[in-house]
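In what follows, a single structure is set out as structure tokens and then discussed.
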Amino acid sequence: MPRLLEVKPLKGYRLWLKYEDGIEGVVDLSDLVGKGVFALWEDEERFQQVQIGDGGELVWSDEVDVCPDALYLQITGKQPEIAPS
């Protein structure tokens, strides 16, 4: 999976993402707000504090992290590759 290079928070719990292969796009995470660990995002100002973590994941302090691979698949419309048995 391509590495996440940039993230910019947008209004409405959306993120603009750019990956090392040149793919970029916007994902809407508003459906997660208030659910489980994502209760942190009920304050949209906290959502705006997103950063790229040391492992390439999206992080909000040390409380929430999101895998960028799933968001890449969402942006591109691709399906995860299944390794042959």
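The values are calculated or read from the model by the stated rules, or taken from the named source; none is laboratory data. Values in this document were obtained by computation on a predicted structure and should not be read as measured data. Here Cβ is always computed from backbone atoms with ideal geometry, including for glycine, and neighbour counts include all displayed protein chains. Just so you know, the surface numbers come from the protein's heavy atoms only, side chains and all, with ligands and any DNA or RNA stripped out. Shrake-Rupley method; radii C 1.70, N 1.55, O 1.52, S 1.80 Å.
Annotations
- Answer residue from region 1-11, given it is in contact with a helix residue (DSSP H, G or I) (Cβ under 7 Å, 6 or more places away or on another chain) and aliphatic (A, V, I, L, M) and is least open to solvent (accessible area, probe 1.4 Å) among those: L4
- Checked against (1) closer than 21 Å to P2 by Cβ; (2) in a loop (DSSP other than H, G, I, E, B); (3) under 13 Å from the mean Cα position of the chain (by Cα), K78 passes all but a single condition, namely (3).
- Output for region 12-39, where each listed residue is open to solvent by 70 Å² or more (accessible area, probe 1.4 Å) and among the basic types (K, R): R14, K35
- All of V59, V64, V50 fail the test of being surrounded by 15 or more Cβ atoms within 10 Å (Cβ to Cβ), free of Cβ contacts under 8 Å to residues at least 12 places away in the same chain and within 24 Å of P2 (Cα to Cα), apart from V59.
- Every residue from region 34-75 that is closer than 21 Å to I23 by Cβ and in a helix (DSSP H, G or I): P68, D69, A70, L71, Y72, L73, Q74, I75
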